[in-house]
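Read-outs: derived from the displayed coordinates by stated rules, not from any lab. All values derive from a computational prediction rather than experimental measurement. We place every Cβ from the backbone using ideal geometry, glycine too, and count neighbours over all the protein chains shown.
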Amino acid sequence: MKSLQFFSFCLFLLGCHCSPQEVTLYSSTGCTGSSVYINGDVPDLAAVGFNDIANSALKNGIWIFYENGNYNAVGGQTLLFWSINYCSDFDPEERNMVSSLRYAGKQDSLNGETFSLYEGYFFTGQEYWSDTDNADLGDFNDRATSLMITGQSPWTIYSDNGFGGMPLCFYPDTYIEAGFERIDLGYFADLAMYGFDKAVSSVAKGCFGKNIVRLSHPANKSTSSHAGMVMNKQ
Ligand SMILES: [Ca+2]
Ligand SMILES: [Ca+2]
């Protein structure tokens, strides 16, 4: 029975080409030294014995690194990278700095269609995540100040719940490709730029209304399988 289950699992993997979001942090440059493997959100790297230790990282997916714990809830430098199985060193001033990190999108897929709203600018603080229409954001109503979308679908945010009020559509206009893998994303670090500071009340998958944001952000670090942005200290 067990071998049958294993066989089914392999078929599942072959069928979906799923590549999970994961990162291994290393204490030295060039992905050497001691390391810790991470495939989820970590609000406090001290909990895994790696606070202010990372000098390089082998990354797969969209990962956000924070200078301070709890995703820079109290401010600090934020690093956003999207990578396909790529090792890179943190810049010298970013070494021995990372205290928390998390991914954006779906854990088990590099290009799942999702949105994430963040309480703070630059994707900091609490996160509200979904892969479907949300007519009501519950206790996240009117709290978001930044937005990340992953996968190839556009998403529309609304100022009122029930998809009411002012709609604003965002496209994912940034991507990388390597082999069979691809990552699409759109990242909007300050919703106040679009008149949506602490105003988002519902979110729909797709592009609705006349107001559309299409941005192809220039990455300040880029290869065919890796790119990223350094966000300024708040
Ligand atoms: Ca730190
Ligand atoms: Ca609102």
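Computed from the Cβ-Cβ distance with R0 of 22 Å, the FRET efficiency linking residue 47 to residue 93 stands at 0.35.
If neighbour count is taken as other Cβ atoms inside 10 Å, put 193, 148, 229 in order from fewest to most. Starting with the residue having the fewest Cβ neighbours, the order is 193, 229, 148.
Computed from phi, the 3J(HN,Hα) profile of the range 87-98 under the Karplus parametrisation 6.51, -1.76, 1.60 (θ = phi - 60°) reads 9, 8, 7, 5, 4, x, 6, 9, 6, 6, 10, 5 Hz, with x in place of Gly and Pro. Peptides 40-52, 199-211, 56-68, 97-109 ranked from most to least packed give 56-68, 97-109, 199-211, 40-52, packing being the mean of other C-beta atoms within 10 angstrom over each peptide's residues. Note on the chain: Kirkwood hydrodynamic radius from all Cα pairs is 18.3 Å, rounded to one decimal. So in the chain, what percent of DSSP beta bridges are antiparallel if you round to the nearest 5? Approximately 95 percent, going by the DSSP bridge assignments.
Computed over the alpha-carbon pairs of the range 114-216, the distance histogram in 5 Å steps reads 3, 14, 26, 28, 18, 7, 3, 2, 0 percent, short to long. Sequentially through the range 105-110, phi angles give Karplus couplings (6.51, -1.76, 1.60; θ = phi - 60°) of x, 8, 5, 9, 7, 6 Hz, Gly and Pro residues having no value and appearing as x.
The separation of the range 22-47 from the range 52-75, counted between C-alpha centres, amounts to 9 Å. Straight-line reach from residue 198: taking Cα to Cα under 14 Å and skipping same-chain neighbours fewer than 8 places apart, the aspartates and glutamates in range are 119, 127, 139, 142, 160, 190.
Extension gain for the segment residue 193 to residue 132, taken as residue separation times 0.36 nm less the Cα-Cα distance, is 19.5 nm to one decimal. Counting only DSSP beta bridges whose two residues both lie in the range 114-216, roughly 95 percent are antiparallel. So how do 155, 82, 129 line up by other beta-carbon neighbours within 10 Å, fewest first? Result, fewest neighbours first: 129, 155, 82. Once backbone amide H atoms are built at 1.01 Å from N, residue 98 has 52, 53, 54 as its partners under 5 Å, excluding neighbours fewer than 5 places away on the same chain. For the chain, adding -39500 (n - 2.57) for each run of n ≥ 4 DSSP H residues and dividing by the number of residues yields -2500 deg cm²/dmol at 222 nm.
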